Structures are given as structure tokens and as C-alpha cells.
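The values are calculated or read from the model by the stated rules, or taken from the named source; none is laboratory data. Since the structure is predicted, the reported quantities are computational estimates derived from the model, not experimental observations. For neighbour counting, all protein chains shown are included, and Cβ atoms are generated from backbone atoms with ideal geometry for every residue, glycine included.
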């Protein structure tokens, strides 16, 4: 019997050691997986950050290209960059439209006073003009908030809008 007990006890000791070894290996694997996951997350965050930075640089270069192509002074770059942040992807399309308007012999302004659901007054402004290809085009230009709905306020708002674009 003593023989069997010692065999049992030695088997039990080996099982404990192998169980401890498995637990240690699992703990090590979990630690390595956690480290690997953290490295992956860090790498993904770094990649996203770099992509945003690249997108900003590309956006600024597109604005520079537009300014140079349209013969607009580069000293206006900071204003255009700020404007691009404010307006997003519509900036280049809007700048092209303003450039087209500034190059035509004449253009028409259509406006209408409107109210929103809480009765705030707005001035809706549209322009109509012939393009260089000879087509007549109409564009929504801007929606301006109105403090008063009289002719003097509307005229002042329109004049200021076109002065902003040196027109």
C-alpha cells in the first residue's frame, strides 16, 4: 500500500506542477495578448491621427493650388484655410462659384424673405449668371439671418456679403 500511496502522491505532485505550469503559461499568454492588443490599439490610433494630418495637409495644398490657379494672392491663404474649416468640403465649389460670378459681365440676384418654424426671419439669396460655356446657371448663395425685415437691413446685408468677396 505504501507503494501505491507514494505513486499517488507523486502523481498528485506532478499534476500540481503541470497544472501550475498550465496556469503560468495561460497567464503569460494572456499578458502577451493584452500587450499585443494594446500595441494594436496604439498603432490604430496612430494611423488614424496620421490620416487626419495627411487629410489636412492635402486640403491645404488643394487650397494653395486653387489660389495659384485662380491668381488669388497667397496672403489670403490663412483666411481660406479658416473658411475651409468652417465650411468643410463645399469650400472649393463655393470659391469656384464666386470666381465665376466675379468674371461675368453681369449677374442677377434673387432674394426672398422667409421665416423658420420659430418665426426667425431670414434672407434667402440666389445668383443667376452665364457661365463661360454659355449656360445660364442659378446657385443658392447664402441664408442670412435678419434682425429686421425692412429694405434697408436687407440691402445692408447683401452689400456686406458681396464686399466680403471684393465684389
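In table form, for the structure just shown:
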item	result
Failed criterion for residue 135 (all others in (1) under 26 Å from residue 151 (Cα atoms); (2) loosely packed, with under 15 Cβ neighbours inside 10 Å; (3) at pLDDT 85 or above hold)	(1)
Only listed residue being touching a strand residue (DSSP E or B) at 6+ places or on another chain (Cβ under 7 Å), outside any helix (DSSP H, G or I) and modelled with pLDDT of 80 or more, chosen from 101, 118, 128	128
